[in-house]
1. Can you confirm whether residue 222 is within 22 Å of residue 241 (Cβ to Cβ) and modelled with pLDDT under 95?
2. Write out, first by first residue and then by second, each pair whose Cβ atoms fall under 6 Å of each other, whose residues are 6+ apart or on separate chains, and whose first residue, in the stretch 135-153, is of a type in the set (Ser, Thr, Tyr) while the second is open to solvent by less than 30 Å² (accessible area, probe 1.4 Å).
3. Condition first: within 42 Å of the chain's Cα centre (by Cα) and in contact (Cβ under 8 Å) with a residue 24 or more places away in the chain. Now tell me which residues in the stretch 194-209 satisfy that.
4. Wholly within the stretch 105-221, which helices (runs of 4 or more DSSP H) include no fewer than the required count, namely at least 1 residues that are hydroxyl-bearing (Ser, Thr, Tyr) and open to solvent by less than 10 Å² (accessible area, probe 1.4 Å)?
Amino acid sequence: MAPSPSQAQPEPPILAVPVSTSPETLPTQSEVELPPVDLLPAPEPLSQPEPQLETPPLLLPPEPQPPPTPKRAQPDKTAPSIAYPPYEEAARRDLRLVASHSTIRGRKEYLSNEAAWAFTRMRAAAAKAGVRLILISGFRDRTRQARIFAKQIARKGSLAAALKLVAPPGFSEHHTGYAMDLGDALYPKTHLETTFENTPAFRWLSRNAARFGFELSYPPGNAVGVGYEPWHWRWVGSKKGKILFSAAKGE
């Protein structure tokens with residue numbers, strides 16, 4: 001049964017494409033510009049690769065160099081080193097006043113009880129031999145030693161020079177009350193001078209001081225390194241005295 005005209009499907013419209021018949025719309029083959037043809041032969045490949053340019057290194061600031069190590073000064077082997085041992089001050093109760101007429105300018109000087117007793121006997125024995133021993137300096141506390149040491153620095157111009165002559169405070173044998181500076185009352189110009197070794201007092205001490213327990217503290221080439229002091233003597237006539245000065249003797 002044929003569909004009715006009302007039910008028939010409409011046909012799609014036909015799209016008409018306009019065709020231009022004008023000769024200008026489509027260029028002919030002769031009018032088309034073709035790219036130029038390179039008539040040169042193609043370059044042959046290089047037999048070796050092109051050298052690569054090295055990248056220059058970065059310019060960095062130079063690393064700081066450590067300062068040169070200063071050369072240590074070589075010690076003078078001809079000059080002895082100075083090594084004063086430390087000493088404690090004697091207690092005031094252990095000191096004894098030595099008669100003022102036997103000291104320089106009548107100054108009061110003290111020694112420990114043991115050393116004072118030994119010095120009194122030694123002085124009496126020397127007097128019998130015609131030698132007048134005089135006590136220039138005995139016990140010293142730190143304050144007095146500091147004044148003496150400062151004067152030597154000012155006089156000699158340097159600490160090193162002063163150390164060769166005087167111990168700094170805290171390092172003097174005089175702190176113990178067992179050490180003393182002796183002189184010849186008849187030759188005052190030799191007091192605290194090396195020329196004291198030429199006096200009758202020094203010659204007598206060299207022969208007899210050991211009998212009373214005294215010894216020269218700073219002979220030539222002593223262990224402490226101090227210059228020769230013929231006037232400086234210490235008492236080692238007891239166990240305590242020997243212990244006090246054992247370090248100074250290098251024992």
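The values are calculated or read from the model by the stated rules, or taken from the named source; none is laboratory data. Just so it is clear, the model here is predicted, and its values are computed rather than measured. Glycine also receives a Cβ, built like all others from the backbone with ideal geometry; neighbour counts cover every protein chain displayed. The accessibility values were calculated without ligands, DNA or RNA, using every heavy atom of the protein model including side chains. Shrake-Rupley method; radii C 1.70, N 1.55, O 1.52, S 1.80 Å.
1. Numbers: within 22 Å of residue 241 (Cβ to Cβ): yes; modelled with pLDDT under 95: yes.
Against the criterion (within 22 Å of residue 241 (Cβ to Cβ) and modelled with pLDDT under 95), residue 222 qualifies.
2. Cβ pairs passing all conditions: 137/181.
3. Of the stretch 194-209, the ones within 42 Å of the chain's Cα centre (by Cα) are 194-197, 202, 206.
Within the stretch 194-209, 194, 196, 197, 202 meet the criteria.
4. Working: elements: 113-128, 142-156, 159-163, 200-208.
In the stretch 105-221, there are no helices (runs of 4 or more DSSP H) which contain 1 or more residues that are hydroxyl-bearing (Ser, Thr, Tyr) and open to solvent by less than 10 Å² (accessible area, probe 1.4 Å).
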